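None of the figures in this text is laboratory data; all of them are computed from the coordinates on show. Worth saying up front: this structure is predicted, and the values here are computed from it rather than measured. Please note: Cβ atoms are built from the backbone with ideal geometry, for glycine as well, and neighbour counts cover all protein chains shown.
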Amino acid sequence: MPPSVLTPAIKDEIARLGRADIMVGIPSFKNAATIGYVVHAAQAGLVQYFPDLRPVVVNSDAGSPDGTQRVVVETEPPDYVEEILLVRPTNKLSRVSLTYPEIDGVGGKGAALRTIFEIADALEVQALVVVDSDLRSILPEWVELLAGPILKGGYDFVAPLYSRYKYDGTITNTVTYPLTRSLYGHRIRQPIGGDFGVSGDLVKAYLAAEDWTDDISKFGIDIWMTTTALAGGFAICQTRLGSKVHDPKDPGSDLGPMFRQVVGTILRLAVRHRDRWQGISGSHEVPAYGFERIAEPPPLDVNTVRLVSEFHTGALTLAATWRGMFAPANAEAILELAAEAGRMGEAARVRLDMDAPGAATPTTAQMAEALAGYHFPDDLWARAVYDLIVVARNDPDGVDRMVASFVPVYFGRVASFIVENRDLTTDQAEERVMRQAREFELLKPYLIEAWNAAEAADAADAGAVTPPRAAPVGAE
């Protein structure tokens with residue numbers, strides 16, 4: 001088991017708390033504007049739905065300079081929550097806000113969760129609920145929806161099911177959902193959703209895992225949690241949380257580092273767990289808990305012209321790299337598509353007058369309409385992602401460099417998704433996501449064949465014997 005990261009001060013706090021049955025963990029960094037509401041909802045959920053259990057809320061912060069921890073401490077006390085809900089819990093609700101220690105000099109969401117896992121294990125909790133600190137849509141009911149399947153149904157891992165706007169969750173829609181589904185055969189719709197329920201047994205498994213990386217200490221943590229639960233054979237379900245409203249992120253400007261950490265992690269995990277997915281064909285539904293909710297998530301603006309421009313610019317500087325990453329036919333198809341994206345992006349800029357002095361920024365719909373006809377095929381995208389798994393197998397030390405080079409291709413794929421879904425509702429766009437996931441499943445034999453070919457090549461190289469050099473004529 002990797003060594004503990006807990007400081008003496010945190011261990012003293014654990015000793016003060018003694019034991020807990022259920023815990024809500026909230027990782028944070030500069031979330032003073034939203035975390036008070038999250039803490040309040042967590043407190044209310046613990047009091048309302050689990051009044052007989054020993055509860056604790058733990059905020060694991062990165063040392064926020066905006067007063068995030070102060071907001072947690074000053075959030076309305078549990079007594080106030082009890083009066084509102086007219087529930088008198090058996091046990092006092094405790095709150096802890098702490099600055100988490102980095103892991104080998106690396107901080108991030110994963111490092112924050114590592115501290116939460118260790119506290120949960122030391123307190124011997126039965127159920128740990130993890131929620132994001134930037135949530136604007138969390139309700140007290142979320143605590144029951146994420147912990148209930150563990151405490152009542154015997155599940156170990158509870159993944160979220162959200163209603164999300166059609167352009168939100170692009171890393172999930174293009175990579176983590178279809179790839180997790182095709183590799184491991186489970187249709188976990190939000191494998192990096194950020195809000196989870198985890199059993200005490202699975203917490204122990206996380207702490208015992210030996211594959212913790214720098215990316216897992218950052219945004220790679222969510223896909224690592226999901227994949228580790230899948231590969232370990234733990235009981236998994238989903239829970240319907242309704243609409244997720246949080247700080248919006250434009251994939252072209254905000255998600256580059258997250259993409260690199262998440263995708264780098266999922267590739268390394270695919271290599272590590274190859275024996276778990278090679279024999280799986282197709283996929284099956286995962287049980288879902290809670291009522292279906294009718295909720296219209298808020299829209300998200302995306303600069304689609306910027307996405308296609310980044311795709312084209314990437315091709316100008318990374319063509320040789322892409323030819324080394326992708327199978328020859330895939331590389332040439334991607335380069336041709338990038339050239340087309342460049343032409344269409346330039347035409348769109350002119351059409352929308354985007355370079356005119358003082359020109360207003362076009363809307364997402366206007367940009368998508370100006371790029372009508374641009375299309376990144378599902379099958380090409382699936383083969384490109386599968387090529388990355390094989391390259392990660394062949395060159396484990398080059399994964400970070402490879403994923404960084406892949407970001408412009410991701411931009412090109414996201415732009416296509418937005419253009420194709422510009423006139424569709426969120427529900428209709430969801431069917432496009434399902435179509436892409438089915439394409440990943442249909443093309444999984446492509447991955448198996450490429451993987452086996454790489455293994456055969458390694459075996460041939462290992463078995464090759466250099467023939468003895470012939471002795472010179474006349475030599476003894």
**OP:** Sort 423-432, 50-59, 374-383, 219-228 for me by packing, meaning the mean count of neighbouring Cβ atoms within 10 Å per residue, highest on top.
**Re:** 219-228, 50-59, 374-383, 423-432
**OP:** Quick one: P(r) of the chain from all Cα-Cα pairs, 20 Å bins, percents rounded to integers, in order of increasing distance.
**Re:** 23, 52, 21, 3, 1, 0
Subject >> Helix 109-122 axis, angle to the chain major axis (alpha carbon atoms, nearest 10°) >> reply: 50 degrees
Original post:
Expressed as an acute angle from 0 to 90° and rounded to the nearest 10, what is the orientation of the C-alpha long axis of helix 378-394 relative to the principal long axis of the chain?
Top reply: 90 degrees
**OP:** Order the peptides 131-139, 362-370, 305-313 from the highest to the lowest mean number of other Cβ atoms within 10 Å of their residues.
**Re:** 305-313, 131-139, 362-370
Original post:
Just for the chain, what percent of DSSP beta bridges are antiparallel, to the closest 5?
Top reply: 20 percent
Original post:
Can you give the relative contact order of the chain as a percent, counting alpha carbon pairs under 8 Å and 6+ residues apart?
Top reply: 15 percent
**OP:** Determine the relative contact order of region 343-471: mean sequence separation of Cα pairs under 8 Å and six or more apart, normalised by residue count, in whole percent.
**Re:** 31 percent
**OP:** Using amide H atoms built 1.01 Å from N in the peptide plane, name the residues 5+ places from Thr239, or on other chains, whose amide H lies under 5 Å from its own.
**Re:** Ala159, Leu161, Tyr289
Subject >> Selected from Gly67, Ala368, Leu123, residue furthest toward positive end of dipole (the chain; charges at beta carbon) >> reply: Leu123
Original post:
Which value in deg cm²/dmol, rounded to the nearest 500, describes the helix-derived mean residue ellipticity at 222 nm for the chain, given -39,500 (n - 2.57) per DSSP H run of n ≥ 4 and division by the residue count?
Top reply: -16500 deg cm²/dmol
**OP:** Could you rank the peptides 274-287, 332-345 by their average count of other C-beta atoms within 10 Å per residue, with the highest value first?
**Re:** 332-345, 274-287
**OP:** Would you work out the relative contact order for region 85-219, in percent, from Cα pairs under 8 angstrom that are 6 or more residues apart?
**Re:** 37 percent
Subject >> Full-extension gain in nm, Asp353 to Ala457, via 0.36 nm per residue minus C-alpha separation >> reply: 32.1 nm
Subject >> Kirkwood hydrodynamic radius of region 141-228, from inverse mean 1/r over distinct Cα pairs, in Å >> reply: 13.9 Å
Subject >> For Val24, residues with placed amide H under 5 Å, excluding near neighbours >> reply: Val56, Val57, Val58, Val129
Original post:
When the dipole is taken about the Cα centre of region 160-248, and only Lys, Arg (+1) and Asp, Glu (-1) are charged at their Cβ, what size is it in debye, to the nearest 20?
Top reply: 520 debye
Original post:
Normalized C-alpha radius of gyration of region 317-409, against 2.2 N^0.38 Å?
Top reply: 1.32
**OP:** Under 1.5 on a/c is rounded, so check that first for region 166-293, then, if it is not, pick prolate when a/b is larger than b/c and oblate when it is not; a ≥ b ≥ c are the square roots of the alpha carbon gyration tensor eigenvalues.
**Re:** rounded
Original post:
So how tilted is helix 399-420 from the main axis of the chain? Cα-based, degrees 0 to 90, rounded to 10.
Top reply: 80 degrees
**OP:** Mind giving me the nanometre distance, one decimal, between the label points for Asp12 and Asp275, set 7 Å out from Cα along Cα→Cβ?
**Re:** 4.6 nm
